[in-house]
Amino acid sequence: MSNSRFVEVVEDLERTLLDFIRKHGVTHSEYRQATDLIIDSIKAGEESLLLDVFFEAGATDVDNADLAGSMAAIEGPFYLEGAPLLQAPHVLPQRPAEKGDTLVFRGTVRTPDNTVLAGAELDMWQADADGLYSNIHPDIPDWNLRGRFTTAEDGSFEVTTIVPPPYEIPKGGPTGRVLNGLGRHFFRPAHLHLKVRADGFRELTSQLYFKDGDYLGSDVASAVRDGLVVELERTDSGYEARYDFVLEPPRR
Ligand SMILES: [Fe+2]
């Protein structure tokens, strides 16, 4: 962000919040409750969650307005760098008796002019059948249902995992207090998280939902978009889904 952009945006934010305080007659006590909420969210490790639930999808929409590649999606608070690099046939790391229906997820990675990208990396993470993430929630092996894999010579990929369920975001902390106060539920629709990257192209953060799934219309993070919903097809051994990613060149 350039200095002029910083000044423009931050001064407008300052004006907007001061107008907001006057408009609603926000008292000093209420102002202090708000600052305490932010401090509490940091103490609880929820500062990203608190902001992401309300605002991340809005910023992603701005990025998507002039995108040449696949629609971007919110990252959410649970991404971690350094997931295991998988060898084909790709199977996300899982426990011996991992709960959940088997999901085979396939697709391709291409450029906007439809050239296939061999060796593109997909970095995938998702909740388990209880709606919990490894490395975040306790009692799950590190890197469970997290992994990186690459596309084949024809730009295709295939990975086997489980169908994730809708899940409730953490509701016992400051974020939960806010959502409770608003009378909202805590559910996100079932989804897969992916980052897709290839040399010379802009990294894409995606998040894919399943058609006809619960909470698509009332996602607590308001992040579902039409271009991110895939069909979940029944097969003899579970389910399959497909998505073709398009990466765009870096922006200036
Ligand atoms: Fe998630």
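The values are calculated or read from the model by the stated rules, or taken from the named source; none is laboratory data. Since we're looking at a predicted model, the values are computed, not measured. Every residue, glycine as well, gets a Cβ built from its backbone with ideal geometry; the counts of neighbours run over all protein chains shown.
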Exactly one of Leu132, Leu194, Leu86 is under 20 Å from Gly238 (Cβ atoms), within 16 Å of the ligand (Cβ to nearest atom) and at pLDDT 95 or above, and that one is Leu194
Suppose we filter the stretch 118-157 for residues that are over 18 Å from the mean Cα position of the chain (by Cα), surrounded by fewer than 22 Cβ atoms within 10 Å (Cβ to Cβ) and in a loop (DSSP other than H, G, I, E, B); how many remain? 11
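Got at least one residue in the stretch 202-219 being in a loop (DSSP other than H, G, I, E, B), in contact with a Lys or Arg (Cβ under 8 Å, 6 or more places away or on another chain) and over 26 Å from Val116 (Cβ atoms)?
yes
Please pick out the residue among His137, His185 that is without any contact (Cβ under 8 Å) to a residue 12 or more places away in the chain, within 16 Å of the ligand (Cβ to nearest atom) and not hydroxyl-bearing (Ser, Thr, Tyr). Explain how you work it out, then say what you get.
Values: His185 fails: without any contact (Cβ under 8 Å) to a residue 12 or more places away in the chain.
On inspection, the qualifying residue turns out to be His137.
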Which listed residue, of Leu192, Leu208, is surrounded by 18 or more Cβ atoms within 10 Å (Cβ to Cβ), out of contact with any helix residue (DSSP H, G or I) (no Cβ under 7 Å at 6 or more places or on another chain) and among the hydrophobic types (A, V, I, L, M, F, W, C): Leu192
